[in-house]
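Engineer: Take a look at this one; I'll ask things after.
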Amino acid sequence: MRVPAAIQSATQWLLPLFALGLILTAIVAAVGTLPAGMQRVATDALIKLLVVVGSYIFIGNSGVLSFGHVSFMGIGAYVAAWLVISPETKQLMLPNLPALLMDAHYSPTVAALAAGAAASVFALLVGLPLARLSGISASIGSFAVLAVVNAVLSNWTSMTGGQGSLYGLPSYANIWTTLPWALAALALAWTYQQSRFGLRLRGARDDEVAAAASGVDIWRERVIALVVSAFFCGVAGALYGYFLGVIVARSFYLQMTFITITMLVVGGLGSLSGAVAGVIVITAFGEVLRNLERGVDLGPFTLGAHPGLQELGLAALMLIILIFRPRGLTGGREIALLPRSWWKAGPKAGEVSENRR
Amino acid sequence: MTLTLQYVIDALNVGGLYALMALGIGLIFGIMRLINFAHGEMVMVGGYAMLLLIDLPGPAVVGVSILAVVALALAIERLAFRPLRDAAPSTLLVASFALSYFLQNLSVLLFGARPKPFVFASALATDLQVGPVRIALLQLVSMGLTLAALAGLTVLLKRTSIGVQLRAASQDFRAARLCGVRANSVIAFAFAISGALAWIVSLIYSAQIGQLSPAMGVRPVVIGFVATILGGLGSLVGAVVGGFFVGALAVALEAGLSLELRPFKEAVLFALVFLVLLLRPQGLVAVRALRERV
Amino acid sequence: MADPIDSGDTPGNVLAARQVSVRFEGLLALDQVSLTLQPTEILGLIGPNGAGKTTLVNVMTGFQTPNEGRVALNGQEINGWPAFRIGRHGLARTFQGVRLFRDLTVLENAELAAVGMGLSRAAARERAWETLDLLGLTGKALQRAADLPYGDERRVGIARALAARPKYLLLDEPAAGMSEEEAAQLAATVTEIRRKFGCGILVIEHNMALIMELCDRIQVLEQGRSIAVGTPAEIARDPDVRRAYLGADHDLTPAPRVRSTGKEAEAAAAKAPILAVHELKVSYGAVAALRGVSLRVEEGELVSVVGPNGAGKSTLMHAIAGVVTPDAGDIALAGHSIAALAPEQRVRQGIALVPEGRHVFATLTVGENLLIGGVTRRRDPGARAATERVLEYFPILRERYGQPAGRLSGGEQQQLAIARALLSRPRLLLLDEPSLGLAVRIIDEVYEILSRLNRDGISVLVVEQSIARALAAAERTYVLRNGIVELEGGSNELFGDSAFDSAYFGFARTPAHPQ
């Protein structure tokens, strides 16, 4: 029996993806008219968007709260650094680097792709055991991964410069160079979630037992999701290096984890629209707070400089959202451009009377 | 031989500290299935409280700062965690993470981000020679405090009504309520004890490192966390065992690893957590099967 | 007469479990059970609560590893296979608790099973749509599963299993909570499924009418053992089966009850009942567990509640004790509403629940357990004396005073649970299936104690699995089915009433049966 056209197109849902892409491009275009300072904020936000969308691919679809995505970002950053910094500069900073890496000198784009690939390979290795865990064990395990990677990056001085910074990265990242990556991430995240892989994983998120009974190999689906999500986190790491011109191990630890998790949770863990919404809201909120932090002249009053206010405000916001709207601003739903009643096949008003909530 | 004895003493010292941290975390987990990241901030607040009161006579410093930390613990419970009592475990985890961050940055706002020197009872800085080993007086005091705390907690949990109620609620919260145990009282009690334990850690830890900073609680809480998991989430005995185990391991790694590998000892600890979660998720001690009924 | 089960080699092309045993911490859930499901046959699996039916299905579908025994699917041994692999090889199931993917739409729920078999999304959608059409669910295709009304949830669960186009379909209580008409429709649907897809179907059910009508063969489990296999007619005549359900190994006549007369009785009748439950409605998400239950317990009475699995008996107890919040309805203790009180406050008002499964604090000693029980009364002047009195009821606990409660036997734990509840000096004692998992002799002792307590003035409301037990002990009995009270009456009247069978089993007693 043929599926009615209304259901087919309704369940295609390509529209939300276009909507998100359009919104993002529009915002970037608008920011392009603003001074350089704001553009830098936007670039930073786009890079974080990559991380958030990357982590969403795993967290949103599997329901497993992972703390480890920033470790993929860190690995990506250092891999990109090895490949993109000129051999002369590397000679000065990391004299003991193996020849293969020492002589490498690639374009930023190639290095970014390699960063993503490296992060994915790492995710595969870590994911094979990690995907066997569920619930809080998985969260703790992912935290352990983050801690181990940070410990290694901070201490493997010969390869990473240890606690010190690596400089010499090209300043390649601006809003126009990062936007394509962000759009690509959105497209892939959407495709994944609409694919049979995404569907299987989301079933497992809702009920592991029923999913297994329906033939879903939960472990395999989780590994796949983790590998895909790590790619974008790795690329984001590379871009972050290009953005700052300098990378240091402690950038890829608790503070970055906190910001990106906040963005995802505030926007709504369960949907791609939530990831995007979260980044936009938190960036805006953060900017407001940062200006307050510097001290601001409010006419008759002058608010003194208060460092730490930005982080404080973000943490407070996260707590408030968790208490009052735990599913986030979007409530886990995607942007719905067309109301349900528009489709004939949908439920009629009043049909559902025995609904017990 | 002397070296081994020295290591044993170091291990006991460090292990005791981690055991106290693990207990503080484990108490809350047992009763609420919540991993309280903010426990580290309670340690931090204890330190700053003592610093603020440093000009007062010793007993006053101790008394008031304990009260401050316990008050903070109760406030955290009432304001942040009670509204979330029925939330999913992942929500609780993220909330406690956010709370920890909040408190750290509040401290930055109030005290500034730079470390402040902390000197308390400077007489304790001397070393003693006891037979073949050299012990810092501070180490002796901290071991004594740790033992006293463990003993006190045992008495509290076994001999007082509220202590027995706490153990019952940790085992089976619903059944305890059905017997008339007041949920709010028992949870508040757990947080208060957890706060007291955090204060003891803050005293020992601050004195040992000699300074205070807003993020000083992060390292202890993460290690305490590791210890709780290794020992077995949900078991108080496991938390203590886990603490001493991690202490011993940390000292052994420090001694045993070659100089280049020594900074990686934290990596080793976390890798161990990962392995335990994978192979023996119930931990070294606890025998708790959490299996979903199909 | 029980059919002998072929113990020879498993012929190919069946789903077979052979000599399966499962042990849970000392309890033998399944004892050498064998079952064969032929392709295209409809086999019913019945038995009282705790018989092991779901455990057997869990073993066959890979969710439970048996201690002994083998399972074969179309000639291939599937012991030790992970559940998803078994699912992919043509064995699909539904669940007692339905377990829909709540955040996915109905269509996606069905799609998922198809996608689980390896289909592309487009192909899966086609198949899902077809399957939904067969079950009349296409109108709800885009509704989120969490928003479904109760009646539809189970059908969606069946649609989901069917979307995998299985060779064997295992349905776990598919008709629970359905009305007569819905159940009849379900029977028609299942027959249609068999005709259209040619799969072997196993049905676990308590609705006897449905089972009798639908199945080619029926197998009966009791306390982990298979006690009968045969055609519906054979099973209906089987005395073992009837005994298993009603637990009629004992003296069936209820004990004579001494009722006070005259002025006392009038005074008693004028008082408010110690417990009055009015139109109680409870639901878990979209699952309606109680659909308007009303009952009362007069002061000094011993009242029982019986009913098949899934009737809502435990939910009722939990609602009265305060553990679950009802959607509607009221609960009053001695005339005062307690609906707004937390569980620990209700204990202080005089209600104590002995929960199903006892729930003693295993790592605490017996003494400490009793301490917890008496926590609401610990400042009372007579606290010590109260503990002494309780220990008189249960001398074995005095012996075991210092031992961890987890080491006690099942019967001893039950006594501890009751003692613990008594220490809060309840006016009303609630017990949820006190006989579960206990030997007959122990159950006798427990009920002996309950009668004593009742005579000493404590009102008792007990949920019981064993009907004979309930009718013998209680003055009045309520029969709960599908979340409402189907029947109520004095035990003397109920016993021997054919309406009782209808209410409990869903069908009238066969005339060929004695009494």
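Values in this text are rule-based calculations from the coordinates and carry no lab data. Note that the structure is a prediction, hence the values are computed from the model and not measured. Cβ sites come from the backbone with ideal geometry, for glycine too, and all protein chains shown count toward neighbours.
Engineer: Please compute the length gained on full extension between B:Leu261 and B:Val155, using 0.36 nm multiplied by the number of residues separating them and subtracting their Cα-Cα distance.
Structural biologist: 33.9 nm
Engineer: Shape of the stretch A:92-233 from its Cα gyration tensor (a ≥ b ≥ c, root eigenvalues): rounded if a/c is under 1.5, otherwise prolate when a/b > b/c, or oblate?
Structural biologist: oblate
Engineer: How much mean residue ellipticity at 222 nm does chain C get from its helices, if each DSSP H run of length 4 or more adds -39500 (n - 2.57) and you divide by all residues, to the nearest 500 deg cm²/dmol?
Structural biologist: For chain C, the value works out to -10500 deg cm²/dmol.
Engineer: Compute the label zone of B:Asn184 within the stretch C:323-343: residues whose backbone N is under 14 Å from the point 7 Å along Cα-to-Cβ.
Structural biologist: C:341-343
Engineer: Could I ask something else about it? When the Debye formula is applied to the Cα atoms of chain C, each taken as the same point scatterer, what base-10 log of I(q)/I(0) results at q = 0.05, 0.06, 0.11 Å⁻¹?
Structural biologist: Scattering profile of chain C, log10 relative to I(0): -0.22, -0.31, -1.02.
Engineer: Looking only at other chains, what is the average number of their beta-carbon atoms within 10 angstrom of each beta-carbon in C:371-382?
Structural biologist: 4
Engineer: In the stretch A:110-139, whose amide N lies under 19 Å from the spot 7 Å out along Cα-to-Cβ of B:Leu278? List them in ranges.
Structural biologist: Counting only backbone N, you get A:119-139.
Engineer: Using the Karplus equation 6.51 cos²θ - 1.76 cosθ + 1.60 (θ = phi - 60°), what ³J(HN,Hα) coupling, rounded to whole Hz, does each residue of the stretch B:217-228 give in order, writing x for Gly and Pro?
Structural biologist: My calculation for the stretch B:217-228 gives x, 5, 4, x, 5, 5, 5, x, 4, 4, 4, 4 Hz in order.
Engineer: Let me ask you something else. Which order do B:Ser100, C:Ser34 fall in if you start with the one that has the fewest other Cβ atoms within 10 Å? Don't skip to the answer; put the middle values down first.
Structural biologist: Values: B:Ser100 25, C:Ser34 19.
Listing B:Ser100, C:Ser34 from fewest to most nearby Cβ atoms yields C:Ser34, B:Ser100.
Engineer: From the phi of every residue in the stretch A:85-96, what ³J(HN,Hα) in whole Hz does the Karplus formula 6.51 cos²θ - 1.76 cosθ + 1.60 yield, where θ is phi - 60° and glycine or proline is x?
Structural biologist: Ordered by residue, 3J(HN,Hα) equals 6, 5, x, 5, 5, 4, 4, 6, 8, 10, x, 9 Hz.
Engineer: Return, for the Cα atoms of the stretch B:2-216, the radius of gyration and Dmax in Å, separated by a comma.
Structural biologist: Rg and Dmax of the stretch B:2-216, Cα atoms, are 18.4, 57 Å.
Engineer: Using the Kirkwood radius over C-alpha pairs as Rh, can you work out the diffusion coefficient of the stretch C:87-158 via Stokes-Einstein at 10 °C, viscosity 1.306 mPa s, in µm² per second?
Structural biologist: 130 µm²/s
Engineer: What residues qualify as long-range amide H neighbours of C:Ile42, i.e. H under 5 Å apart, gap of 5 or more or another chain, H built at 1.01 Å from N?
Structural biologist: Under 5 Å from the amide H of C:Ile42: C:Ile201, C:Asp216, C:Arg217.
Engineer: Which of A:Thr89, A:Thr43, A:Thr33 moves the most in a Gaussian network model of chain A with Cα springs under 10 Å?
Structural biologist: Of the options given, A:Thr33 has the highest mean-square fluctuation.
Engineer: In percent, how large is the relative contact order of chain B, given Cα pairs closer than 8 Å and 6 or more residues apart?
Structural biologist: Values: 405 pairs, mean separation 105.7, N = 294.
After rounding, I find 36 percent.
Engineer: Once whole DSSP H runs in chain A are found, which of them have Cα atoms spread over 27 Å or more along the helix axis and a mean Kyte-Doolittle score of at least -1.0?
Structural biologist: Those that clear 27 Å and a mean of -1.0 are A:36-62, A:108-130, A:135-155, A:175-194, A:218-244, A:272-293.
Engineer: Right, here's the next one. List the residues, sorted by chain then number, that are 5 or more residues from C:Thr105 or on another chain and whose placed amide H is less than 5 Å from its amide H.
Structural biologist: C:Ala145
Engineer: Could you tell me the distance between the Cα centroids of the stretch B:247-278 and the stretch B:49-119, to the nearest Å?
Structural biologist: Using only Cα atoms to place each centre, the spacing works out to 29 Å.
Engineer: Can you give me the pair-distance distribution of the protein assembly as shown, C-alpha pairs, 10 Å bins, whole percents?
Structural biologist: Bin by bin from 0 Å, the calculated values are 2, 9, 16, 20, 20, 16, 11, 5, 2, 0, 0.
Engineer: How do the peptides C:52-59, C:345-352, B:29-36 rank, highest first, by the average count of neighbouring beta carbon atoms within 10 Å per residue?
Structural biologist: Put in order of decreasing packing, that is C:52-59, B:29-36, C:345-352.
Engineer: Evaluate E = 1/(1 + (r/R0)^6) for C:Lys196 and C:Ala233, where r is the Cβ-Cβ distance and R0 equals 30 Å; express this FRET efficiency to the nearest 0.05.
Structural biologist: It comes to 0.65.
Engineer: Taking each residue of B:151-163 in turn, how many C-beta atoms of other protein chains fall within 10 Å of its C-beta, and what is the average?
Structural biologist: Across the residues of B:151-163, the mean count of other-chain Cβ atoms within 10 Å is 1.
Engineer: Given H placed 1.01 Å from N in the peptide plane, which residues other than close sequence neighbours of C:Glu486 have an amide H under 5 Å from its amide H?
Structural biologist: HN-HN under 5 Å from C:Glu486: C:Val479, C:Leu480, C:Arg481.
Engineer: Short version: ³J(HN,Hα) in whole Hz for each residue of the stretch C:408-420, in order, from phi by Karplus 6.51 cos²θ - 1.76 cosθ + 1.60 (θ = phi - 60°), x for Gly and Pro, what are they?
Structural biologist: For the stretch C:408-420, the Karplus-derived couplings read 6, 6, x, x, 5, 5, 4, 4, 4, 4, 5, 4, 4 Hz, x marking Gly and Pro.
Engineer: Counting other beta carbons within 10 Å of each Cβ, put B:Met143, B:Met44, C:Met208, C:Met60 in order, fewest first.
Structural biologist: Numbers: B:Met143 18, B:Met44 30, C:Met208 23, C:Met60 26.
Sorted ascending by nearby Cβ count, the order is B:Met143, C:Met208, C:Met60, B:Met44.
Engineer: While we're here: Give me the angle, in degrees from 0 to 90, between the Cα long axis of helix C:440-455 and the longest principal axis of the Cα atoms of chain C, rounded to the nearest 10.
Structural biologist: Rounded to the nearest ten degrees, it is 40.
Engineer: Report the FRET efficiency, 1/(1 + (r/R0)^6), for C:Gln345 and A:Gln255, where r is their Cβ-Cβ distance and R0 is 35 Å, rounded to 0.05.
Structural biologist: 0.20
Engineer: Rounded to two decimals, what ratio of Rg to Rh does the stretch B:25-105 give with C-alpha atoms and a Kirkwood Rh?
Structural biologist: Ratio of gyration radius to Kirkwood radius: 1.05.
Engineer: Moving to a separate point now. Restricting things to Cα coordinates, could you compute the convex hull volume per residue of the stretch B:187-257 in Å³?
Structural biologist: Enclosed volume per residue, from the Cα hull, is 107 Å³.
Engineer: When the helices in chain A are scored as -39500 (n - 2.57) per DSSP H run of 4 or longer and the sum is shared across all residues, what 222 nm value do you end up with, to the nearest 500 deg cm²/dmol?
Structural biologist: After summing the helix terms and dividing by residue count, I get -22500 deg cm²/dmol.
Engineer: Using a 10 angstrom cutoff on alpha carbons, build the Gaussian network for chain B and name the most mobile of B:Leu275, B:Leu261, B:Leu150.
Structural biologist: Looking only at B:Leu275, B:Leu261, B:Leu150, the biggest GNM fluctuation is shown by B:Leu261.
Engineer: Quick one: plug the Kirkwood hydrodynamic radius of the stretch C:10-108 (C-alpha pairs) into Stokes-Einstein at 37 °C, 0.692 mPa s, and report D in µm²/s.
Structural biologist: 226 µm²/s
Engineer: If the chain between B:Arg174 and B:Leu137 were fully stretched, how many nm would it gain, using 0.36 nm times the residue separation less the Cα-Cα distance?
Structural biologist: Length gained between B:Arg174 and B:Leu137: 8.7 nm.
Engineer: Can you compute the FRET efficiency between B:Val237 and C:Arg455 using 1/(1 + (r/R0)^6), with r the Cβ-Cβ distance and R0 = 35 Å? Round to the nearest 0.05.
Structural biologist: My answer for the efficiency is 0.20.
Engineer: Another one. Return the equivalent ellipsoid semi-axes of the stretch C:280-505 as a descending list in whole Å, where each equals the square root of 5 times an eigenvalue of the C-alpha gyration tensor.
Structural biologist: 28, 20, 16
Engineer: Could you calculate the contour length gain from C:Arg85 to C:Glu388, that is, 0.36 nm times the residue separation minus the distance between their Cα atoms, to one decimal place in nm?
Structural biologist: Gain in length upon complete extension: 103.3 nm.
Engineer: Moving on. Can you give me the Kirkwood hydrodynamic radius for the stretch A:11-250, using every pair of distinct Cα atoms, in Å to one decimal? List each step's numbers first, then the result.
Structural biologist: Working: mean 1/r = 0.0539 Å⁻¹.
After inverting the mean inverse Cα-Cα distance, the result is 18.5 Å.
Engineer: Counting other C-beta atoms within 10 Å, which of A:Glu334, C:Glu192 has the fewest, and how do the rest follow?
Structural biologist: Details: A:Glu334 20, C:Glu192 12.
The order, fewest Cβ neighbours first, is C:Glu192, A:Glu334.
Engineer: Next question. Compute the distribution of all C-alpha to C-alpha distances in the stretch C:65-191, in bins of 10 Å from 0, and list the percent of pairs in each, rounded to whole numbers.
Structural biologist: Result returned by the calculation: 13, 42, 31, 13, 1.
Engineer: Another question about this same structure. Hey, rough spin-label estimate for C:Ala362 and C:Glu445, points 7 angstrom out along Cα→Cβ, what's it come to in nanometres?
Structural biologist: Rounded to a tenth, the inter-label distance reads 2.2 nm.
Engineer: Also, quick follow-up: Looking only at other chains, what is the average number of their beta-carbon atoms within 10 angstrom of each beta-carbon in A:192-199? If you can, show how the numbers build up before the last one.
Structural biologist: Working: counts 0, 0, 1, 3, 12, 2, 2, 10.
Shielding by partners across A:192-199 averages 4.
Engineer: Just to be sure I understand the curve: with the Debye formula and one point per C-alpha of the stretch C:406-502, what is log10 I(q)/I(0) at q = 0.20, 0.25 Å⁻¹?
Structural biologist: For the stretch C:406-502 at q = 0.20, 0.25 Å⁻¹, log10 I(q)/I(0) is -1.06, -1.39.
Engineer: Still on this structure, please answer the following. When chain A is modelled as a GNM with alpha-carbon springs shorter than 10 Å, which of A:Val227, A:Val52, A:Val70 fluctuates the most?
Structural biologist: Result for chain A, Cα springs under 10 Å: A:Val227 fluctuates most.
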